[in-house]
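Okay, structure first, notes after.
The values are calculated or read from the model by the stated rules, or taken from the named source; none is laboratory data. Given the structure is predicted, the values throughout are model-derived calculations rather than measurements. Neighbour counts run over all protein chains shown; Cβ positions are idealised from the backbone, glycine included. These area figures cover heavy atoms from the full protein model, side chains too; ligands, DNA and RNA do not enter into them. Shrake-Rupley method; radii C 1.70, N 1.55, O 1.52, S 1.80 Å.
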Amino acid sequence: AKDPVRVLVTGAAGQIGYALVPMIARGVMLGADQPVILHMLDIPPAAEALNGVVATTDVVEACTGVNIAVMVGGFPRKEGMERKDVMSKNVSIYKSQASALEKHAAANCKVLVVANPANTNALILKEFAPSIPEKNISCLTRLDHNRALGQISERLNVQVSDVKNVIIWGNHSSTQYPDVNHATVNTPAGEKAVRELVSDDAWLNGEFITTVQQRGAAIIKARKLSSALSAASAACDHIRDWVLGTPEGTWVSMGVYSDGSYNVPAGLIYSFPVTCQNGEWKIVQGLPIDEFSRKKLDLTAEELSEEKALAYSCLS
Ligand code: NAX
């Protein structure tokens, strides 16, 4: 039998946590044959709700020995609130949880930050956990990726599993760029480009992009709560592909530490197309970027640079 993997979920008493914990226990994240030991952290005001899922409000206890950390806990954006309003609250949370992971997590612990502002929370976590390799710190843009696949599959009336290789570039915010220029659909006549099948450029360059960008806000507006089940499911997709690998010829979107690929400033956590093998992600290289895309890649990078500056100003 396999050795158990310790998985930390912060914000475990929240809505995403409530959906995510049973998925992990059922093997959706790491496979049905992989035993897991769940570490669930929340804060004292949530302790009563937490009694419903068994866990701790002690960050050290929560982080000790974990192999995978899914950071869902934070101060969530509510209706009408901009991400920037919640920055300073999250900076202090991520700074202290970084230190706890740094001291107590297992060597080679993989970290996925879900809580918003996800990219910048991940960056703060990276900065304050210098002994965790930067390759091990990521943020969730897989939900946006899955939404982009969903939009295309609905438009073409095909199975979502037949669509692949969309890309979410940049920030998990409304400046993200959902890119279909390299996406394909599996058809009875072989693999076809999305651009060829959806011959409506106005839709692809307009409504498709804004729908994916705005979907999070639309759900908050409708539910008065952010998406929980789809976010939990996307978090499982993210970790599963990272640990177990992406299928040959398929890439996914992950927020990772930029090395300057595609002229994205190094030192930001930015969503790129990645393939995964042996527990490591690699940015897909050499994709041609047209002028329309270039502007959108730069715009979301600018927002991330501003967020980074704002986060640092909250530290001093
Ligand atoms: P909830 O408010 O239901 O849950 C958050 C939980 O975190 C609460 O139980 C709270 O007590 C706990 N918490 C707060 N501070 C904590 C701390 N210091 N340590 C541990 N736990 C702490 O929010 P929920 O709807 O579950 O959303 C969680 C986060 O995910 C939010 O920041 C939200 O914006 C973000 N999202 C990110 C997505 C993404 O794709 N990256 C999509 C879904 C979601 O919007």
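Values computed for the structure shown
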quantity	calculated
Cα gyration tensor shape for the range 174-307, rounded if a/c is under 1.5, else prolate or oblate	rounded
Most mobile listed residue (Gly17, Gly267, Gly52) in the chain, GNM with C-alpha springs under 10 Å	Gly52
The chain, relative contact order [Cα under 8 Å, separation at least 6], %	18 percent
Gain upon complete extension [Asn157, Ser92; 0.36 nm per residue less C-alpha separation]	18.9 nm
Surrounding net charge for Gly27, when Lys and Arg each add one and Asp and Glu each subtract one, Cβ distance under 12 Å	+2
Rg/Rh ratio calculated on Cα atoms of the range 37-79 (Kirkwood radius)	0.99
Net charge of neighbours whose Cβ lies under 12 Å from the Cβ of Ser199, counting Lys and Arg as +1 and Asp and Glu as -1	0
³J(HN,Hα), Karplus 6.51/-1.76/1.60, whole Hz, each residue of the range 255-270, x for Gly, Pro	x, 9, 6, 5, 9, x, 3, 6, 6, 7, x, 5, x, 10, 8, 9
Among 23-33, 250-260, 4-14, 88-98, the order from most to least packed when residues are scored by Cβ within 10 Å on average	4-14, 250-260, 88-98, 23-33
Virtual paramagnetic centre 7 Å along Cα→Cβ of Lys2, amide N under 18 Å, in the range 27-65	27-39
Under the Karplus curve 6.51 cos²θ - 1.76 cosθ + 1.60, θ = phi - 60°, whole-Hz ³J(HN,Hα) for the range 280-290, x wherever Gly or Pro sits	10, 8, 9, 5, 5, 9, x, 6, x, 10, 7
Portion, in percent, of the accessible area of the range 34-129 that falls on carbon or sulfur, probe 1.4 Å	53 percent
Cα-based helix-to-principal-axis angle, 207-223 vs the chain, degrees rounded to 10	40 degrees
Extension gain from Asn205 to Thr250, taking 0.36 nm per residue of separation minus the Cα-Cα distance	13.9 nm
Alpha carbon centroid spacing (whole Å) that separates the range 32-69 from the range 246-293	31 Å
Among Asn205, Asn51, Asn108, residue whose mean-square fluctuation peaks in a GNM of the chain (springs only between Cα atoms under 10 Å)	Asn51
Top of Glu280, Glu248, Glu102 by mean-square fluctuation, Gaussian network on the chain, Cα under 10 Å	Glu248
Förster radius 25 Å - calculated FRET efficiency between Arg294 and Asp85, Cβ distance, rounded to 0.05	0.25
Global form of the range 79-171, assessed from the alpha-carbon gyration tensor, a/c cut-off 1.5	oblate
Accessible area of Glu61 in the full protein assembly, 1.4 Å probe (Å², nearest 10)	110 Å²
The chain - accessible surface per residue (Å², probe 1.4 Å)	44 Å²
Value of [θ]222 nm, deg cm²/dmol, for the chain, DSSP H segments ≥ 4, -39500 (n - 2.57) each, nearest 500	-12500 deg cm²/dmol
Potential extension, Glu61-Ala107 segment - 0.36 nm per residue separation minus Cα distance	15.0 nm
Computed label-point distance, nm, for sites Tyr312 and Lys192 using a 7 Å Cα→Cβ extension	4.9 nm
